[in-house]
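The values are calculated or read from the model by the stated rules, or taken from the named source; none is laboratory data. The shown structure was predicted, so the numbers you read here are calculated from the model rather than taken from an experiment. No Cβ is skipped: glycine too gets one built from the backbone with ideal geometry, and neighbour counts run over all protein chains shown. Side chains included, ligands, DNA and RNA excluded: accessible areas come from the protein's heavy atoms. Shrake-Rupley method; radii C 1.70, N 1.55, O 1.52, S 1.80 Å.
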Amino acid sequence: MTDSGPLYLTDEFIRNNKLLKLDKLIPVIQNAMASVSKNDEVIQPPRTIMNIPSLNGALLSMPAFCKYDDALACKLVTAYPKNADKGLPSVQGTVLLFDSTTGKVCAIMDGIEITTWRTAAASAVATKYLHNGTAVLAILGSGTQARSHAETLDYCFNFQQIRIWNHKYEGAQTLTKELTAKGKNAVAYHSVEECVQDADVIVTATFASSPILKGKWIKPGAHINAVGAGINHHSELDVDLYKLACVYTDTMASAETELKGLLEEGMTIEEVGDIINGTKSADRGMITVFQSLGMAVEDAVSAKLIYEEYKKIKK
Ligand SMILES: NC(=O)C1=CN([C@@H]2O[C@H](COP(=O)(O)OP(=O)(O)OC[C@H]3O[C@@H](n4cnc5c(N)ncnc54)[C@H](O)[C@@H]3O)[C@@H](O)[C@H]2O)C=CC1
Ligand SMILES: O=C([O-])C1=[NH+]CCC1
């Protein structure tokens, strides 16, 4: 008996064949976030984060099984912030998708497309459940996540204006030009304070290792999707902002270690999944922060979606 081995899907193939479209991905990610806050549906041990200080890089190992979607997968992902200087993606990875009944690898996929879009989809779901008005979107950062967040949040909420700040102004200008070319009202900013003034929804998607966003600049009732991981996952916002806000995350199991600094400050953190499930109610009207950590189950269900979409085009 011959075995041709697992299917291999590159990022380019996933992108060119539109195997990860937002209309399908967002509901899949919403279900995954909801399931994490229910019993028995998701197995997702805390990920291993191996920092390599001498290389200014990190390697993360992220396995998960999602019962209702029958998705068994493991992502290995690297974060190398200095890659941008070499024209390479800072976050790269590979996802292995397994046949859950036999444990056989059925597909190996590049992980950039998955990580890029599932992260933005999770922020869109959090924004939907934690926030009301959505006229002005402000994005801090102009890299991969900034782009995917601009597209995904605008797809969901159709903002009147999208503002971009980046620590290198040229980056903000480039992304602004791209958005303007797509017919959006986009503006580049030199100052974070001016960029976020009166913004309804704010995204932080940088490698900043000390706070770039201050509580005193944020209007009451604004929602923040804090995505970046500099030194740790809570380095982009100042402590006062966390103290002012109602703070949510994707999984408390990871927060116990990855947001230890905030928990040690005595902050209460809740899971967005509880809001989606209706077991807790959102503090709409307050400043809300979705502290995105990134979950292995999001990668698993995204990989399963890609695999199912691939089978359809190969029929
Ligand atoms: N929560 C999650 O699930 C995920 C989080 N991430 C994190 O999101 C962040 C952005 O990732 P990508 O967009 O893929 O990277 P990228 O390299 O494409 O973009 C990084 C952005 O940060 C800016 N930047 C770099 N150093 C900075 C500094 N010291 N201060 C302020 N800005 C700085 C860059 O100019 C660029 O705009 C990273 O921290 C990454 O680890 C990435 C994937 C998933
Ligand atoms: O969840 C994820 O894939 C990542 N979080 C930080 C870098 C990559």
Selection within the range 231-280 - free of Cβ contacts under 8 Å to residues at least 40 places away in the same chain, assigned to a loop (DSSP other than H, G, I, E, B) and within 20 Å of residue 122 (Cβ to Cβ) = 232, 235, 259, 278, 280
Tally the residues that are of a type in the set (S, T, N, Q) and either more than 16 Å from ligand 2 (Cβ to nearest atom) or not assigned by the TED database to the domain that holds residue 249 (or both), restricting the search to the range 126-160.
-> 6
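State yes or no: is residue 306 open to solvent by 10 Å² or more (accessible area, probe 1.4 Å) and either in a loop (DSSP other than H, G, I, E, B) or not hydroxyl-bearing (Ser, Thr, Tyr) (or both)? So that I can check it myself, show each step before the final result.
On the way: open to solvent by 10 Å² or more (accessible area, probe 1.4 Å): no; either in a loop (DSSP other than H, G, I, E, B) or not hydroxyl-bearing (Ser, Thr, Tyr) (or both): yes.
For residue 306, the condition - open to solvent by 10 Å² or more (accessible area, probe 1.4 Å) and either in a loop (DSSP other than H, G, I, E, B) or not hydroxyl-bearing (Ser, Thr, Tyr) (or both) - is not met.
Within the range 283-303, can you find the residues that are open to solvent by less than 30 Å² (accessible area, probe 1.4 Å) and small (Gly, Ala, Ser)?
Quick first cut of the range 283-303, residues open to solvent by less than 30 Å² (accessible area, probe 1.4 Å) only: 287-303.
292, 294, 296, 300, 302, 303, listed by residue number.
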Would you call residue 31 open to solvent by 70 Å² or more (accessible area, probe 1.4 Å) and over 30 Å from residue 275 (Cβ atoms)?
-> no
Being touching a helix residue (DSSP H, G or I) at 6+ places or on another chain (Cβ under 9 Å) and more than 14 Å from ligand 2 (Cβ to nearest atom) is the filter here, so list the residues in the range 97-125 that pass it.
-> 97, 106, 107, 124, 125
Lone unmet requirement of (1) at pLDDT 95 or above; (2) farther than 21 Å from residue 135 by Cα for residue 229 = (1)
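Of all residues being over 14 Å from residue 197 (Cβ atoms) and open to solvent by less than 50 Å² (accessible area, probe 1.4 Å) in the range 207-220, which is farthest from ligand 1 (Cβ to nearest atom)? Just the residue, please.
Restricting attention to the range 207-220, the residues satisfying the condition of being over 14 Å from residue 197 (Cβ atoms) are 207-212.
So of that shortlist, the ones also open to solvent by less than 50 Å² (accessible area, probe 1.4 Å) come out as 208, 212.
Details: 208: 4, 212: 6 Å.
The residue in question is 212.
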If we ask which residues in the range 180-206 are open to solvent by 70 Å² or more (accessible area, probe 1.4 Å) and on the phi < 0 side of the Ramachandran plot, their number turns out to be 9
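So if I check each of 57, 111, 93, 87, which one is within 14 Å of ligand 1 (Cβ to nearest atom), open to solvent by 60 Å² or more (accessible area, probe 1.4 Å) and of a type in the set (Gly, Ala, Ser)? It would help to see each step written out before you state the result.
Details: 57 fails: open to solvent by 60 Å² or more (accessible area, probe 1.4 Å); 111 fails: open to solvent by 60 Å² or more (accessible area, probe 1.4 Å); 93 fails: open to solvent by 60 Å² or more (accessible area, probe 1.4 Å).
Answer to the selection: 87.
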